[in-house]
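The values are calculated or read from the model by the stated rules, or taken from the named source; none is laboratory data. Quick caveat, the model's predicted, so the values are computed rather than measured. Cβ placement follows ideal geometry from the backbone for every residue including glycine, while neighbour counts extend to all protein chains displayed. What goes into the accessible areas is simple: the full protein's heavy atoms, side chains included, and nothing from ligands, DNA or RNA. Shrake-Rupley method; radii C 1.70, N 1.55, O 1.52, S 1.80 Å.
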Amino acid sequence: MKKFLKTTSLLLMCALLLAGCGNLQDSSLSSGGGDSSKGTVQTTSSSDSSNYDVLLSGGKYKISPISGLTAADNSNQFNSRSFESGLMNLSKKQFSTNSYVFQEGQVLSASTVTDWLGRKSAKNSTGLNPESNGSTDATKRAPMYFQQMLEEDYLQKQDGKYKLAGMSIGIAMNKIDYYQKKQYGATYKTTITEDEQKAQGERVAKEVVQRLRKDNRVGNIPIVVGLYTVAPEDTLVGGTYFQYSVSKSGDLGNWADLGYKNQMLPTVNGDTAISSSDSDAFSNFKDHVQSYFPNISGVTAQTHYDGTTLKSMDVTINTQFDGLAQVTSFAQFVQQSASKYLPSGANLDINIQTVDNQQAVVTRTNGKFYSHVYDAD
């Protein structure tokens, strides 16, 4: 078992949570229903009601001890961000941003989750992946279904102290399990069907909730559980959550299906666009942007859908110029082009970069544009 700390993803998560923060407020902290964990803490005060205030400890952001733990390597860097941001979006269905404060999970330990992500065996009775059957044949072996786990804590102020009042758990399930028949040998893969993924995910989720309920810090607080499908290594987008359930106090409730989809634009490998109008809009934006400067080497986008509704678009523009005046002018042009050509209802993150450096960012959130040019005094 290895720990891969996704530095870029964590910085993105911190930026997402801390953006627009105002004053910091002091308070005492208590975990769970008791007062066993005390100390001076602070909370950020977000200027955007759609985001959570964040609990800080000693003025610092606390990272979850299980952050980055995976059952096996997966080189798709987009999985980590969508795994985190997707769980937070599911959390908002249960935990109001006006009533709860966010903190990365502090209940589950790295050693506990390492064991849970492992195979069940005589040495690891708590493993939630199936016991090996000894086969190395792709269609006969017992695959590793359970790939990664994420915990988010949601706290409320009670008697002057912040107490754990809700929790969200992300369960990442493999679509393809990559494995080696011998150490440092060739990589093979076992494909997992949607039905297998769903059944195994529900099994893992049920067991995780039962184990969490035995922890005094958790007790009977609501727990949101989301099942996430891990995108394969050879795709250019991250995975998505495909269903979720809420445990009000005991076992999980009914599962609700989710229609989330991700797609790369321009489409690749003969894929059909989820929305032809969105694809055409991006194509017009791309052509317009590339006509501005001769040194634009590529424009791509990750699109994120709820059913057929475009929710957000992450655009990457690769350039080959470094002059500050050029970058500043180009960022302004990109913002104008995005406003004119890209679908109006979707949030946008447009990153302008060279191979080596981030040059500028243009965003649109809730209809409002913001831009920043890096290293501009």
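Report, ordered by the first and then the second residue, all pairs with beta carbons closer than 9 Å, sequence separation of six or more or different chains, a first member in region 353-374 that is without any contact (Cβ under 8 Å) to a residue 12 or more places away in the chain and closer than 18 Å to Ser329 by Cβ, and a second member that is part of a strand (DSSP E or B) and basic (Lys, Arg).
Hits for this filter: Tyr370/Arg364.
(1) at pLDDT below 95; (2) open to solvent by less than 50 Å² (accessible area, probe 1.4 Å); (3) over 23 Å from Val362 (Cα atoms): which one isn't true of Ser275, the others all being true?
Only one criterion is unmet by Ser275, namely (1).
Out of (1) in contact (Cβ under 8 Å) with a residue 24 or more places away in the chain; (2) more than 27 Å from Gly239 (Cα to Cα), what's the single condition that is false for Gly323?
Checking Gly323 against (1) in contact (Cβ under 8 Å) with a residue 24 or more places away in the chain; (2) more than 27 Å from Gly239 (Cα to Cα), the one that fails is (1).
Consider region 116-169. How many of its residues are over 23 Å from Thr240 (Cα atoms) and either under 22 Å from the mean Cα position of the chain (by Cα) or among the hydrophobic types (A, V, I, L, M, F, W, C) (or both)?
Filtering region 116-169 for residues over 23 Å from Thr240 (Cα atoms) gives 119-127, 130-142, 155-165.
Now restrict to residues that are either under 22 Å from the mean Cα position of the chain (by Cα) or among the hydrophobic types (A, V, I, L, M, F, W, C) (or both): 122, 138, 142, 155, 164-165.
Looking only at that region, the number is 6.
Restricting to region 344-363, give me the number of residues that are assigned to a loop (DSSP other than H, G, I, E, B), open to solvent by 50 Å² or more (accessible area, probe 1.4 Å) and closer than 28 Å to Tyr241 by Cβ.
Initial filter on region 344-363 (assigned to a loop (DSSP other than H, G, I, E, B)): 344-346, 354-357.
From what is left, the residues that are open to solvent by 50 Å² or more (accessible area, probe 1.4 Å) are 344-345, 355-357.
With the extra rule that they be closer than 28 Å to Tyr241 by Cβ, the set shrinks to 344-345.
Total meeting the criteria: 2.
Going by the conditions given, is Gly68 open to solvent by less than 40 Å² (accessible area, probe 1.4 Å) and at pLDDT below 90? Write out each step before concluding.
Working: open to solvent by less than 40 Å² (accessible area, probe 1.4 Å): yes; at pLDDT below 90: yes.
Answer is yes for this residue.
Out of all the residues in region 84-122, which are open to solvent by 30 Å² or more (accessible area, probe 1.4 Å), farther than 18 Å from Val208 by Cβ and assigned to a helix (DSSP H, G or I)?
Passing the criteria: Ser85, Asn89.
Modelled with pLDDT of 95 or more, in a loop (DSSP other than H, G, I, E, B) and closer than 19 Å to Val113 by Cβ: is that true of Val218 in this structure? Quick ask: steps written out before the conclusion?
Values: modelled with pLDDT of 95 or more: yes; in a loop (DSSP other than H, G, I, E, B): yes; closer than 19 Å to Val113 by Cβ: yes.
Judged against the criteria, Val218 is a match.
Which residue is surrounded by the fewest Cβ atoms within 10 Å (Cβ to Cβ), if the candidates are limited to region 245-269 and must be closer than 19 Å to Thr308 by Cα and not hydrophobic (A, V, I, L, M, F, W, C)?
So, considering only residues that are closer than 19 Å to Thr308 by Cα and not hydrophobic (A, V, I, L, M, F, W, C), the one surrounded by the fewest Cβ atoms within 10 Å (Cβ to Cβ) is Asp257.
Do we have any residue at all in region 322-343 that's open to solvent by 10 Å² or more (accessible area, probe 1.4 Å) and in a strand (DSSP E or B)?
Checked region 322-343: no residue is open to solvent by 10 Å² or more (accessible area, probe 1.4 Å) and in a strand (DSSP E or B).
Considering only region 186-212, state which residues are among the small types (Gly, Ala, Ser) and either over 16 Å from Lys175 (Cα atoms) or outside any helix (DSSP H, G or I) (or both). Write out each step before concluding.
So in region 186-212, the residues among the small types (Gly, Ala, Ser) come out as 186, 199, 201, 205.
Residues satisfying the conditions are Ala186, Ala205.
Let's see how each residue does on (1) assigned to a strand (DSSP E or B); (2) within 18 Å of Val208 (Cα to Cα); (3) among the small types (Gly, Ala, Ser):
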position	(1), (2), (3)
Glu131	no, yes, no
Gly134	no, no, yes
Ala142	no, no, yes
Leu150	yes, yes, no
Asp153	yes, yes, no
Lys163	yes, no, no
Ser168	yes, yes, yes
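Which one of Tyr292, Tyr188 is in contact with a helix residue (DSSP H, G or I) (Cβ under 6 Å, 6 or more places away or on another chain), surrounded by fewer than 17 Cβ atoms within 10 Å (Cβ to Cβ) and either closer than 24 Å to Glu131 by Cα or in contact (Cβ under 8 Å) with a residue 40 or more places away in the chain (or both)?
Working: Tyr188 fails: in contact with a helix residue (DSSP H, G or I) (Cβ under 6 Å, 6 or more places away or on another chain).
None of the other options fit; the residue is Tyr292.
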